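Worksheet: one structure, shown below.
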């Protein structure tokens, strides 16, 4: 397997960045609702994205950057707070910040904590949270 992502050592505390955008389409909400067996939501007659879809899109925007491709061992924990509705046509992007990094006991993996803020096209925060991920070290 070709490793394209960053290793634990390349995620120092303070590393930050901004993702590309993802526009939420009616089909995204419909498919998510069907797959999760959740009802369709609306706000003033406009389809609204369920909170878990916002979480999944936010996590996907990190993945889409390729930062952990081939180095991510797994997601340990997530926590999210939702600030505003996301409607069809909203474009989401994230800002991430590495707020903690700790090497595992064996030195083969480390834990990274990403603090994430998800914004819409008006630069309003719609969600914020943390993702704790386990990532390989360079030697493994």
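What follows draws every value from the coordinates through simple rules; no lab data is involved. What you see is a predicted model; the values in this text were computed from it and never measured. As a convention, Cβ positions derive from the backbone with ideal geometry for all residues, glycine included, and neighbour counts pool all protein chains shown.
Classify region 2-49 as rounded, prolate or oblate, taking a ≥ b ≥ c as the square roots of the eigenvalues of its Cα gyration tensor: rounded when a/c is under 1.5, otherwise prolate if a/b is larger than b/c and oblate if not.
Working: a/c = 3.40, a/b = 2.41, b/c = 1.41.
Here region 2-49 falls in the prolate category.
Which value in deg cm²/dmol, rounded to the nearest 500, describes the helix-derived mean residue ellipticity at 222 nm for the chain, given -39,500 (n - 2.57) per DSSP H run of n ≥ 4 and division by the residue count?
Numbers: 2 runs with 25 residues, N = 140.
So the calculated ellipticity at 222 nm is -5500 deg cm²/dmol.
By how many degrees, 0 to 90 and rounded to 10, does the Cα axis of helix 51-64 deviate from the longest principal axis of the chain?
It is inclined by approximately 40 degrees.
How high is the relative contact order of region 8-136, given as a whole-number percent (alpha carbon pairs under 8 Å, six or more residues apart)? Show your work: numbers first, answer last.
Working: 259 pairs, mean separation 41.1, N = 129.
It rounds to 32 percent for region 8-136.
Relative to the first principal axis of the alpha-carbon coordinates of the chain, what is the inclination of helix 26-36, with its axis defined by its Cα atoms, in degrees from 0 to 90 and to the nearest 10?
Long axis of 26-36 versus the principal axis of the chain: about 70 degrees.
For region 1-136, what log10 I(q)/I(0) values come out of the Debye formula at q = 0.13, 0.14, 0.19 1/Å, with one point per alpha carbon and no solvent?
Relative scattering, expressed as log10 I(q)/I(0), comes to -0.58, -0.66, -1.05.
Answer rounded, prolate or oblate for region 12-76, using the Cα gyration tensor with square roots of eigenvalues a ≥ b ≥ c: rounded when a/c is under 1.5, else prolate when a/b is larger than b/c, else oblate. Mind dumping the intermediate values first?
Details: a/c = 2.78, a/b = 2.02, b/c = 1.38.
Judged from the Cα gyration tensor, region 12-76 comes out prolate (a/c at least 1.5, a/b above b/c).
Among 78, 23, 106, 68, which comes first, then next, by fewest other beta-carbon atoms within 10 Å? Intermediate results must be reported in sequence, preceding the final value.
On the way: 78 15, 23 11, 106 8, 68 22.
Listed from fewest to most nearby Cβ atoms, that is 106, 23, 78, 68.
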